[in-house]
Amino acid sequence: MTDSKKPTFDPHAFLLNAGFGKKIVHLKANQAFFVQGDAADSVFYLQKGRAKLTVVSKAGKEATITLLSPGEFVGEEAIAAVAGNRLATASAITACTALRIDRKEMIRVISGEHAFSDLFLAFLLARSMRTQADLVDQLFNSSEKRLARVLLLMAEFGKSPDAPQTLPDITQETLAAMIGATRSRVSGFMNRFRKLGYIEYNGRIQVNKSLLNVVLHDQPFEQNAVSADLLSIPPGASKSARRISKVVNRINKPPDNPVKKPRS
């Protein structure tokens, strides 16, 4: 009697190679994966490069929702029970390589391969928790602290905390839209960060580890800066806000050895 065991499914190999219902696509900087209003017929897995997700209001105002790094999915709304239209635009910040997975193939592999569904669920949970952290950050933190957090997220300091990280090309207008501030305020904060040695930039922004001081120790840069911890909840906050804070605190637990403030 022959052994007809099913071959082991490798989700990482699946996401690296083209095949039935999926293909590798290459995008240049500023080229769109999909545009707001398009039919949601596929999911993309970013293999290389950096991208962003933006939305445009009826009045024509554009806002950046999030930045995307290699190893992230985008366009996951395509697997909804009833396929609709794209709610946002995904576009490349730098040259990108991605795997485009058709809706039917994505649904099939999620349903039939537990290793893949586990990986995809972990991604969705991570994105959900980051969205919650973004919400708390927007509600309770000062704009300079929000900017510091965005720069650290873009630099992916959780993956390589010791070495300075160079960010992809991004404008101050985009940073301002992400933190809900004006370009002039972002320019002022960036200049202060540079004077204190937290960042360096000459065309490209380089983020140093010392920038963590702004987030972890809430060093004020304005006389009227909000002096709350990154995830602290003010008196009278709602129960839902407190629940979100508890979840995000577990995710963003500060290191055991705080970063020392650089000497001026």
Q | Residue among S142, S117, S91 that is of a type outside the set (A, V, I, L, M) and assigned by TED's automatic domain parsing to the domain that holds N30 | A | S91
(Q) Condition first: surrounded by fewer than 17 Cβ atoms within 10 Å (Cβ to Cβ), closer than 13 Å to C96 by Cα and without any contact (Cβ under 8 Å) to a residue 40 or more places away in the chain. Now tell me which residues in region 30-75 satisfy that. (A) P70, G71
Q: Output yes when any residue across region 102-115 is crowded, with 19+ Cβ neighbours inside 10 Å and touching a Leu at 6+ places or on another chain (Cβ under 8 Å), and no when none is.
A: no
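Condition check ((1) under 19 Å from E156 (Cβ atoms); (2) among the basic types (K, R); (3) in contact with a strand residue (DSSP E or B) (Cβ under 6 Å, 6 or more places away or on another chain)) across all residues:
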{"site": "K61", "(1), (2), (3)": "no, yes, no"}
{"site": "G71", "(1), (2), (3)": "yes, no, no"}
{"site": "A78", "(1), (2), (3)": "no, no, yes"}
{"site": "G84", "(1), (2), (3)": "no, no, no"}
{"site": "A95", "(1), (2), (3)": "yes, no, no"}
{"site": "D102", "(1), (2), (3)": "no, no, yes"}
Q. What residue, of G84, G112, is over 21 Å from I170 (Cα atoms) and modelled with pLDDT under 90?
A. G84
Q. Which one of the conditions (1) in a loop (DSSP other than H, G, I, E, B); (2) farther than 30 Å from Q206 by Cα does S117 fail to meet, given that it meets all the rest?
A. (1)
(Q) Looking only at helices (runs of 4 or more DSSP H) that lie completely in region 133-213, which have at least 3 residues being touching a strand residue (DSSP E or B) at 6+ places or on another chain (Cβ under 8 Å) and modelled with pLDDT of 90 or more? (A) 183-195
Q) Which one of R149, R100, R108 is on the phi < 0 side of the Ramachandran plot, touching a Ser or Thr at 6+ places or on another chain (Cβ under 9 Å) and in contact (Cβ under 8 Å) with a residue 40 or more places away in the chain? A) R100
Q. Could you list, in sequence order, the residues of region 19-47 that are under 29 Å from A155 (Cα atoms) and either modelled with pLDDT under 95 or assigned to a loop (DSSP other than H, G, I, E, B) (or both)?
A. K28, A29, N30, Q31, V35, Q36
(Q) As an exercise: evaluate L16 against (1) on the phi < 0 side of the Ramachandran plot; (2) surrounded by 14 or more Cβ atoms within 10 Å (Cβ to Cβ) and give the number of the one condition it does not meet. (A) (2)
Q. From T97, T89, which residue is within 21 Å of D134 (Cα to Cα) and at pLDDT 95 or above?
A. T89
Q: Name every residue in region 80-111 that is under 17 Å from the mean Cα position of the chain (by Cα) and of a type outside the set (A, V, I, L, M), in order of residue number.
A: T89, S91, T94, C96
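The values are calculated or read from the model by the stated rules, or taken from the named source; none is laboratory data. Note that the coordinates shown come from a computational prediction; the quantities given were computed from them, not determined experimentally. All Cβ positions, even for glycine, are placed from backbone atoms using ideal geometry, and neighbour counts span all protein chains on display.
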